[in-house]
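Novice: One structure is given below, represented as structure tokens, and several questions about it will come after.
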Amino acid sequence: MEVSLGAIPFDLDFHPSSPLVASGLINGDLHLYRYAAETQPERVFKINAHGEESCRAVRFADSGKIILTASPDCSLLATDVETGKTVARLENAHEEAINRLVNLTDTMIASGDDEGCIKVWDTRQHACCNSFDAHEDYVSDLTFVPDTMQILGTSGDGTLSVCSIKKNKVQSQSEFSEDELLSLVVMKNGKKVICGTQTGALLLYSWGHFKDCSDRFLGHPMSVDTVLKLDEDRLISGSYDGVIRLVGILPNKIIQPLAEHSEFPIERLAFSSDRQFIGSISHDQMLKLWDLEELLNTPQENNQEENEAVQADSDDDDDDDDEMDIDIAPPKSSGSKRKKSGNGGSSSISSFFDDL
């Protein structure tokens with residue numbers, strides 16, 4: 001299943017319970033589609049959410065009642081899923097363009113911007129309750145670890161940060177890498193953080209030992225812009241070369257290519273709420289929905305280049321026993337910019353915006 005969006009998309013998200021998928025575009029538009037197996041997605045609405053500015057981050061919120069979007073115009077916008085009407089807009093949420101969104105709890109959300117700032121918003125206090133100067137360059141990806149109430153962020157400055165909401169500080173930060181970090185996911189039952197990079201390497205960090213990566217896995221020919229955790233041992237990657245791949249972690253191996261967007265860079269991947277489908281968006285201006293079971297069970301042609309994984313700088317193996325302790329961060333460093341988009345879950349955003 002696929003649909004032409006008419007412009008380059010920056011982000012997508014699936015509704016938490018209904019067969020709906022939303023996408024934000026470079027021209028500021030927000031599209032909502034209804035999908036079903038073996039039929040073309042049907043557009044529910046198309047609105048211009050952010051004027052002439054791009055719509056960089058899209059997430060369903062408030063149990064799927066609204067769609068939250070973020071933009072270089074520094075605003076956060078809430079749109080009603082049923083009507084397509086604006087519920088509320090939070091102007092000047094950041095001083096710089098917003099790249100990423102991640103919902104933390106029912107009453108907390110976080111956002112990341114072009115200058116490395118990560119903010120946490122408390123919907124009960126109707127205010128920003130945490131602000132982290134986590135990076136010196138754009139925030140490329142965010143994820144949340146609910147057990148420890150920590151936000152992990154990657155940046156174009158080549159660093160991985162760990163921000164503690166409870167302690168209100170950047171609790172740890174990796175040493176500067178010459179490679180831009182573009183995407184991240186937590187795997188191996190919380191013991192490993194895997195980061196996709198501009199050069200195509202996957203950097204593996206052991207939890208609690210974030211100063212330097214414990215393993216560098218080479219295999220992708222171009223940048224790894226987006227990653228999804230399939231299970232504790234496998235992830236699905238989307239690359240600048242347009243290929244979606246199944247990748248094993250410890251042992252590190254590109255298992256097989258799964259799908260592609262010709263030679264157009266893949267911007268974002270997401271699972272549907274029931275994990276029946278994977279959604280992908282690309283610079284070919286297409287939104288594609290793939291049946292996950294079919295992808296994983298379809299035999300792929302042998303491709304020596306895809307199946308050869310070059311592993312270097314490895315100190316690690318499968319029976320890693322790292323504790324979830326935390327080290328202290330070294331100073332931040334800068335890098336070059338490659339603007340990206342955002343991540344999230346569900347939150348009671350409507351009341352938050354209404355009272356600001």
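The values are calculated or read from the model by the stated rules, or taken from the named source; none is laboratory data. Just so you know, these numbers come straight off a predicted model, no measurement behind them. Note that we place each Cβ from the backbone using ideal geometry, even for glycine, and neighbour counts take in every protein chain shown. Surface accessibility is based on the protein's heavy atoms, side chains included, excluding ligands, DNA and RNA. Shrake-Rupley method; radii C 1.70, N 1.55, O 1.52, S 1.80 Å.
Novice: What pairs come up if the first residue lies in segment 271-299 and is acidic (D, E), the second is surrounded by 18 or more Cβ atoms within 10 Å (Cβ to Cβ), and their beta carbons are under 7 Å apart, counting only those six or more places apart or on different chains?
Specialist: Pairs found: D284/H261; D291/F277.
Novice: Pairs, please: C-beta under 6 Å, at least 6 apart or cross-chain, first residue touching a residue at least 24 places away in the same chain (Cβ under 8 Å) and in segment 49-64, second among the β-branched types (V, I, T)?
Specialist: Within 6 Å, the pairs are A49/T69; S54/I26; C55/T69; V58/T69; F60/I67; A61/I349; D62/I349.
Novice: Would you mention how many residues in segment 114-134 are modelled with pLDDT of 90 or more and out of contact with any Pro (no Cβ under 9 Å at 6 or more places or on another chain)?
Specialist: Of the residues in segment 114-134, the ones modelled with pLDDT of 90 or more are 114-120, 130-134.
If we keep only those that are out of contact with any Pro (no Cβ under 9 Å at 6 or more places or on another chain) too, we end up with 115-120, 130-134.
Total meeting the criteria: 11.
Novice: Which of the residues belonging to segment 150-180 are in a loop (DSSP other than H, G, I, E, B), open to solvent by less than 40 Å² (accessible area, probe 1.4 Å) and of a type outside the set (V, I, T)?
Specialist: So the first thing to find is which residues in segment 150-180 are in a loop (DSSP other than H, G, I, E, B), and the list is 156-159, 165-168, 174-180.
Next, from what is left, pick out any that are open to solvent by less than 40 Å² (accessible area, probe 1.4 Å): 156-159, 165, 174, 177, 179-180.
Result: G156, D157, G158, S174, S177, D179, E180.
Novice: Restricting segment 243-270 to residues that are closer than 19 Å to G24 by Cα and in contact (Cβ under 8 Å) with a residue 24 or more places away in the chain, which is surrounded by the fewest Cβ atoms within 10 Å (Cβ to Cβ)?
Specialist: Per the criteria, the residue is P265.
Novice: Among the residues of segment 114-126, are any under 16 Å from Q150 (Cα atoms), open to solvent by less than 10 Å² (accessible area, probe 1.4 Å) and in a strand (DSSP E or B)?
Specialist: From segment 114-126, those under 16 Å from Q150 (Cα atoms) are 117-122; that's our starting set.
From the residues that got through so far, the ones that are open to solvent by less than 10 Å² (accessible area, probe 1.4 Å) too are 118, 120.
This time we only want the ones that are in a strand (DSSP E or B), so: 118, 120.
Checked against the condition, which is being under 16 Å from Q150 (Cα atoms), open to solvent by less than 10 Å² (accessible area, probe 1.4 Å) and in a strand (DSSP E or B), segment 114-126 yields at least one hit.
Novice: How many residues, within segment 258-277, are closer than 15 Å to G242 by Cα and either in contact with a Cys (Cβ under 7 Å, 6 or more places away or on another chain) or not basic (K, R) (or both)? Spell out how you get there, then give the answer.
Specialist: As a first pass, look at segment 258-277 and keep what is closer than 15 Å to G242 by Cα: 258-269.
Then drop every residue that is not either in contact with a Cys (Cβ under 7 Å, 6 or more places away or on another chain) or not basic (K, R) (or both), which leaves 258-267, 269.
Result for segment 258-277: 11.
Novice: May I pose another question? Could you tell me whether any residue of segment 6-21 is among the hydroxyl-bearing types (S, T, Y) and under 26 Å from N103 (Cβ atoms)? Before you say what the answer is, go through the steps one by one.
Specialist: Taking segment 6-21 as the starting set, the residues that turn out to be among the hydroxyl-bearing types (S, T, Y) are 17-18.
Filter once more, so that each one left must be under 26 Å from N103 (Cβ atoms): 17-18.
Yes, some residue in segment 6-21 is among the hydroxyl-bearing types (S, T, Y) and under 26 Å from N103 (Cβ atoms).
Novice: Another one. Can you report the number of residues in segment 130-149 which are surrounded by 19 or more Cβ atoms within 10 Å (Cβ to Cβ), hydroxyl-bearing (S, T, Y) and not in a strand (DSSP E or B)?
Specialist: Result for segment 130-149: 1.
Novice: Keeping to segment 191-230, report how many residues are charged (D, E, K, R), open to solvent by less than 10 Å² (accessible area, probe 1.4 Å) and not in a strand (DSSP E or B). Spell out how you get there, then give the answer.
Specialist: Step one: list which residues in segment 191-230 are charged (D, E, K, R), which gives 191-192, 211-212, 215-216, 225, 229.
Subset that is open to solvent by less than 10 Å² (accessible area, probe 1.4 Å): 192, 215, 225.
Next, from what is left, pick out any that are not in a strand (DSSP E or B): none.
Residues flagged as charged (D, E, K, R), open to solvent by less than 10 Å² (accessible area, probe 1.4 Å) and not in a strand (DSSP E or B) within segment 191-230 amount to 0.
Novice: What tally of residues in segment 240-294 results from selecting those that are assigned to a strand (DSSP E or B), of a type in the set (S, T, N, Q) and either more than 19 Å from the chain's Cα centre (by Cα) or closer than 25 Å to Y205 by Cβ (or both)?
Specialist: Pass one, segment 240-294, residues assigned to a strand (DSSP E or B): 243-248, 253-260, 266-271, 277-282, 286-291.
When the remaining residues are screened for being of a type in the set (S, T, N, Q), the result is 256, 280, 282.
Then keep just the ones that are either more than 19 Å from the chain's Cα centre (by Cα) or closer than 25 Å to Y205 by Cβ (or both); that gives 256.
So the count comes out to 1.
Novice: Let me ask you something else. Take segment 52-92 and flag every residue that is closer than 14 Å to A7 by Cβ and either more than 19 Å from the chain's Cα centre (by Cα) or open to solvent by 20 Å² or more (accessible area, probe 1.4 Å) (or both).
Specialist: Selection gives E52, E53, R56.
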